[in-house]
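First up is the structure itself, then whatever we jot down about it.
The values are calculated or read from the model by the stated rules, or taken from the named source; none is laboratory data. Just so you know, these numbers come straight off a predicted model, no measurement behind them. Glycine gets a Cβ as well: all are built from the backbone with ideal geometry, and neighbour counts include every protein chain shown.
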Amino acid sequence: MAAEGLAGPADLGDDEQEAVELLLHRLADDEFVLAERYTEWQVRSPTLESDLAVANVAQDELGHARLWFDLLEDFGYEEQDLIWERPPEQWRHSTLAELPWPDGGWADAVVRGYLYDVAEDLRLGALEDSSYGRIRDRVGKVQGEEDYHLEHAQNWLERLTEDEDGRGCVQDAVDRQFAHALTLFEPGDPDLEERIDDLGLRTTPLSEMGEEWLRRVVPFFESLDVDTPMSGREDVTADQLPAVVGRDGDHTDDWFDLYEEFTHTYDQVDVGDPVRIMEDPDDE
Amino acid sequence: MIWEVFRQENAGEYHTHCGNVHAPDAEMAKLFAQIQHGRRKPTHSLWVVPQPEVHEVDDEDTAFGGTTDKSYRWAVTYDVDASFAQEVADSEREQEEAARSRGDD
């Protein structure tokens, strides 16, 4: 059942705004950072077609990041506060999004896409009835594009695992990424996450989403004869997680390198104000 | 494997050839075709067809029609105002186009 609707951005209490901001950062930061990583595949994918498909996915994720960052701008932040000048240790994305690609691993891109897109599907489902109208309004647009992402990832996995070599590559990628994928459902700040649930901003708590994710991901890999480090029936414990989980601002070294890279031009050109090519649709 | 892609803009219209994609099977071909041929133009439907299944007969193999003067089939000698009926106006325009493409003018 949907909680009572919250006010618009100007009329939220401080506690409410804090919760909305963390939720939006979880969404926006994941999408933005993952899109940065996908972009590295551009012109390097196995075929022209797969190149265009992954570029398309990256473009979609950047678009989704913009939808969520826009809602943070409602609170007075500007693009440079949210992206180009935000210190890297304040980013709240899961470490799955920031991992670099090992040499030549197309399977890595496909596995990461799959692990992420199943989580994305679940978390968007938990926002359909969000008590915050502006989040609710954006969910449908994102879901429409995510269906393609999931289908794309599943189709690739089914084909890569058809032979021994391909399955080996997928297995290696799963071994490398699974623990990081679990951080998708880790709390950023446990009290705030509880507030997000209590306010009805999200209608399914992270732990439940995490269990559902395991119930979908594990049998799918089983059907492809790929092992996962968890059976899907046990609780996630600290030793199954990577040393850093990202959500609390603690990240792997690779994140700081990536941050250097994508802010490099902004720092060098010293533009001050990022260029806006369109009006914010919520601005009257 | 190459798949020829046909795009239909609106329901009921013809699917028109618009290019091709490389894909291992029909499922992947459909996924790739969406991005390459259905993302930038309004699209109602796409067909993907394995290239070897497209069979061709060209103008070296056969003499196609449409090249001889069949104007005797058309009621062009009646002096009527074609504007009184749409189909007559259409027919007249078709005859003119056919004549032009034959190079009769």
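Being touching a Gly at 6+ places or on another chain (Cβ under 8 Å) and within 14 Å of chain B (Cβ to nearest Cβ) is a description that does not apply to A:Ala173.
Does at least one position in segment B:1-8 carry a residue that is aromatic (Phe, Trp, Tyr), within 14 Å of chain A (Cβ to nearest Cβ) and in contact (Cβ under 8 Å) with a residue 24 or more places away in the chain? Scanning segment B:1-8 turns up at least one residue that is aromatic (Phe, Trp, Tyr), within 14 Å of chain A (Cβ to nearest Cβ) and in contact (Cβ under 8 Å) with a residue 24 or more places away in the chain.
Residue-wise test of (1) touching a Phe, Trp or Tyr at 6+ places or on another chain (Cβ under 8 Å); (2) of a type in the set (A, V, I, L, M, F, W, C).
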position	(1), (2)
A:Asp81	no, no
A:Arg86	no, no
A:Trp91	yes, yes
A:Glu98	yes, no
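Here A:Leu22 meets the list (1) of a type in the set (A, V, I, L, M); (2) on the phi > 0 side of the Ramachandran plot; (3) modelled with pLDDT of 95 or more almost entirely, failing just condition (2). Would you tally the residues in segment A:73-94 being of a type outside the set (D, E, K, R) and part of a helix (DSSP H, G or I)? So the answer is 6.
Scanning segment A:6-48 for residues that are more than 15 Å from A:Trp255 (Cβ to Cβ) and small (Gly, Ala, Ser) gives A:Ala7, A:Gly8, A:Ala10, A:Gly13, A:Ala19, A:Ala28, A:Ser45.
For residues that are among the hydroxyl-bearing types (Ser, Thr, Tyr) and part of a helix (DSSP H, G or I), tally how many sit in segment A:10-50. Write out each step before concluding.
Here is the first cut: in segment A:10-50, the residues among the hydroxyl-bearing types (Ser, Thr, Tyr) are A:38-39, A:45, A:47, A:50.
Next, only the ones that are part of a helix (DSSP H, G or I) stay: A:38-39, A:50.
Within segment A:10-50, residues that are among the hydroxyl-bearing types (Ser, Thr, Tyr) and part of a helix (DSSP H, G or I) number 3.
For segment A:265-276, the criterion of being of a type in the set (Lys, Arg) and under 19 Å from A:Trp84 (Cα atoms) is met by at least one residue. What pairs come up if the first residue lies in segment B:21-50 and is within 12 Å of chain A (Cβ to nearest Cβ), the second is surrounded by 16 or more Cβ atoms within 10 Å (Cβ to Cβ) and in a loop (DSSP other than H, G, I, E, B), and their beta carbons are under 9 Å apart, counting only those six or more places apart or on different chains? The qualifying pairs are B:Ala29/B:Ala23; B:Lys30/B:Ala23; B:Leu31/B:Ala23; B:Phe32/B:Ala23; B:Ala33/B:Ala23; B:Gln34/B:Thr43; B:His37/B:Thr43; B:Val48/B:Ala23.
Only one entry in A:Ala7, A:Ala97, A:Ala58, A:Ala53 is away from chain B (no Cβ under 14 Å) and assigned to a helix (DSSP H, G or I), namely A:Ala97.
Being without any contact (Cβ under 8 Å) to a residue 12 or more places away in the chain and more than 12 Å from chain B (Cβ to nearest Cβ) is the filter here, so list the residues in segment A:15-50 that pass it. A:Val43, A:Arg44, listed by residue number. Of all the listed residues (A:Arg112, A:Arg176, A:Arg134, A:Arg138), the sole one being over 14 Å from the mean Cα position of the chain (by Cα) and farther than 30 Å from A:Asp74 by Cβ is A:Arg176. If you filter segment B:30-79 down to residues that are closer than 30 Å to B:Arg7 by Cβ and among the basic types (Lys, Arg), you find that the one that is surrounded by the most Cβ atoms within 10 Å (Cβ to Cβ) is B:Lys30. Kindly list, by first and then second residue, each pair from a residue in segment A:137-155 that is more than 10 Å from chain B (Cβ to nearest Cβ) to a residue that is outside any helix (DSSP H, G or I) and surrounded by 15 or more Cβ atoms within 10 Å (Cβ to Cβ), limited to pairs with Cβ atoms under 6 Å and residues at least 6 apart or on different chains. From segment A:137-155, the pairs are A:Val139/A:Leu127. If the condition is being of a type in the set (A, V, I, L, M) and over 15 Å from A:Glu120 (Cα atoms), then segment A:202-235 contributes A:Val218, A:Leu224, A:Val226, A:Met230. Identify the residue in segment A:206-254 that is without any contact (Cβ under 8 Å) to a residue 12 or more places away in the chain and of a type outside the set (D, E, K, R) and, among all such residues, is surrounded by the most Cβ atoms within 10 Å (Cβ to Cβ). Looking at residues that are without any contact (Cβ under 8 Å) to a residue 12 or more places away in the chain and of a type outside the set (D, E, K, R), I get A:Ser223.
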